[in-house]
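J.: First, the structure itself, so that you have it in front of you.
The values are calculated or read from the model by the stated rules, or taken from the named source; none is laboratory data. Values in this document were obtained by computation on a predicted structure and should not be read as measured data. A quick note on method: Cβ atoms are made from the backbone with ideal geometry, for glycine too, and the neighbour counts reach across all protein chains shown.
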Amino acid sequence: MIATLVYILCTLTSLGCSLLLWRGYRKTRLRLLSWSAACFAILAVCNALLFFDLIVFPQTDLLVFRNLATLVALLVLLYGLVFESH
């Protein structure tokens, strides 16, 4: 019960961070904020995958998909940090 709540709250927190970063990007047009928002949106998907992996489908192993999504999120942020920061 507590684990389910924690996974859902983590997903909502990542999504909230993404929305706040996107709002900041719309106001300032700093491209690094858009890359950060995309990273946190993908991290929200990672947290949702964790919820589905451990709570909804405990017999199915989604570790590869979770790790792949996390890798994509971090590569998006890394790209933004390297190529968009001045």
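J.: Sort out which residues of region 39-86 are surrounded by fewer than 16 Cβ atoms within 10 Å (Cβ to Cβ), within 19 Å of Tyr25 (Cβ to Cβ) and in contact with a helix residue (DSSP H, G or I) (Cβ under 6 Å, 6 or more places away or on another chain), and write them in order of number.
T.: Passing the criteria: Glu84, Ser85.
J.: If you don't mind, another one. Give me the pairs, please: first residue somewhere in region 62-86 and under 23 Å from Phe51 (Cβ atoms), second residue anywhere and surrounded by 12 or more Cβ atoms within 10 Å (Cβ to Cβ) and small (Gly, Ala, Ser), beta-carbon distance under 7 Å, and either six or more positions apart or on two chains.
T.: Val76/Ala38; Leu77/Ser36
J.: Right, something else. Please work out if Ala3 is small (Gly, Ala, Ser) and at pLDDT 95 or above.
T.: Working: small (Gly, Ala, Ser): yes; at pLDDT 95 or above: no.
In short, no.
J.: Could you grab the pairs with beta carbons closer than 7 Å, sequence gap of 6+ or different chains, first residue in region 22-35 and touching a residue at least 40 places away in the same chain (Cβ under 8 Å) and crowded, with 16+ Cβ neighbours inside 10 Å, second one in a helix (DSSP H, G or I) and of a type outside the set (A, V, I, L, M, F, W, C)?
T.: Matching pairs, first to second residue: Leu32/Gly80; Ser34/Tyr25; Trp35/Tyr79; Trp35/Gly80.
J.: Same structure, new question: Would you pick out the residues in region 54-86 that are within 24 Å of Leu32 (Cβ to Cβ), at pLDDT 95 or above and not hydrophobic (A, V, I, L, M, F, W, C)?
T.: Thr70, Tyr79, Gly80
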